[in-house]
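The values are calculated or read from the model by the stated rules, or taken from the named source; none is laboratory data. Since the structure is predicted, the reported quantities are computational estimates derived from the model, not experimental observations. Cβ placement follows ideal geometry from the backbone for every residue including glycine, while neighbour counts extend to all protein chains displayed.
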Amino acid sequence: MKKTAAANKKLLKSLNAEVKVLQTKLVQAKKVEGKDDYIDVKVKKNQGRFQKVKQKGVEDKAFGKFYLEIDITAKQQAVFVPVSVASGKKAAGFMYQIEGTAEGSIVTTDTKVRGEGVSQVTVGTLLYAKIPAGKTASFQIQTTIKGGFGKTYKIVFTRLNYKLQIADARYQQYLKEIPSKSVKFT
């Protein structure tokens, strides 16, 4: 009898550990689909255009101008979204990558936030938008990419970092990709 009880206990412990792993994977899968417990994200505007800058005596420059307006609603509690855009591993609100048929470089990025009840919180050098529960903030992101003629580019926001408490060391993550319109540099 004792061997059966011990075996059952060991099996139960193993199954509980497996359930925890599966729950973690489910949460991750939901975030990739855009289902988040704390925020709702909607793309309100998505525009892109090409601009050619003529120069005397040297090769013309090719720029892509991208504009996205993204509404973020705090569902059940206030959230803190960094008002910044970054590439790489730097902590920021909107993490992006440039997708295209050639290398490009970000020349400028500007992020503005507005919304009823939304306030600004500064922690050191980091600027956050505090979105109260049930309120929506509209993030306006303008980005300029310098690229090559005849190539197609777009910006893809791969992750949105946010915090539930300003003092949290780690960010929560919204993982559904937000792509801009593709722009051909002609």
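Let me confirm something: among Gln120, Gln172, which residue is loosely packed, with under 15 Cβ neighbours inside 10 Å and either touching a helix residue (DSSP H, G or I) at 6+ places or on another chain (Cβ under 8 Å) or of a type in the set (S, T, N, Q) (or both)?
Checking each option against the conditions leaves just Gln120.
Would you please name the residue that is nearest to the chain's Cα centre (by Cα), looking only at residues in the stretch 80-115 that are modelled with pLDDT of 65 or more, farther than 20 Å from Phe185 by Cα and of a type in the set (Gly, Ala, Ser)?
Among those that are modelled with pLDDT of 65 or more, farther than 20 Å from Phe185 by Cα and of a type in the set (Gly, Ala, Ser), it is Gly93.
Which condition number in (1) at pLDDT 85 or above; (2) under 20 Å from the mean Cα position of the chain (by Cα); (3) part of a strand (DSSP E or B) is the one that Gln77 fails?
Unmet for Gln77, out of (1) at pLDDT 85 or above; (2) under 20 Å from the mean Cα position of the chain (by Cα); (3) part of a strand (DSSP E or B): (3).
Just checking, does the stretch 116-136 include any residue being of a type in the set (D, E, K, R), more than 26 Å from Lys25 (Cα to Cα), at pLDDT 80 or above and assigned to a loop (DSSP other than H, G, I, E, B)?
yes
How about the stretch 123-133: which of its residues are within 11 Å of Val79 (Cβ to Cβ) and surrounded by fewer than 17 Cβ atoms within 10 Å (Cβ to Cβ)?
Correct list: Pro132, Ala133.
Are any of the residues in the stretch 29-42 more than 15 Å from the chain's Cα centre (by Cα), surrounded by fewer than 18 Cβ atoms within 10 Å (Cβ to Cβ) and modelled with pLDDT of 85 or more?
For the stretch 29-42, residues more than 15 Å from the chain's Cα centre (by Cα), surrounded by fewer than 18 Cβ atoms within 10 Å (Cβ to Cβ) and modelled with pLDDT of 85 or more: present.
Given the conditions (1) part of a loop (DSSP other than H, G, I, E, B); (2) touching a Pro at 6+ places or on another chain (Cβ under 8 Å), which single one is not true for Lys176?
If we test Lys176 against (1) part of a loop (DSSP other than H, G, I, E, B); (2) touching a Pro at 6+ places or on another chain (Cβ under 8 Å), just (2) comes out false.
Restricting to the stretch 134-169, name every residue that is of a type in the set (A, V, I, L, M) and surrounded by fewer than 22 Cβ atoms within 10 Å (Cβ to Cβ).
Val156, Leu164, Ile166, Ala167, Ala169
Which residue pairs have Cβ atoms under 7 Å apart, sit 6 or more places apart or on different chains, and have a first residue in the stretch 31-52 that is over 22 Å from Gln173 (Cα atoms) and a second that is exposed (fewer than 13 other Cβ atoms within 10 Å of the Cβ)?
Phe50/Thr186; Lys52/Asp60
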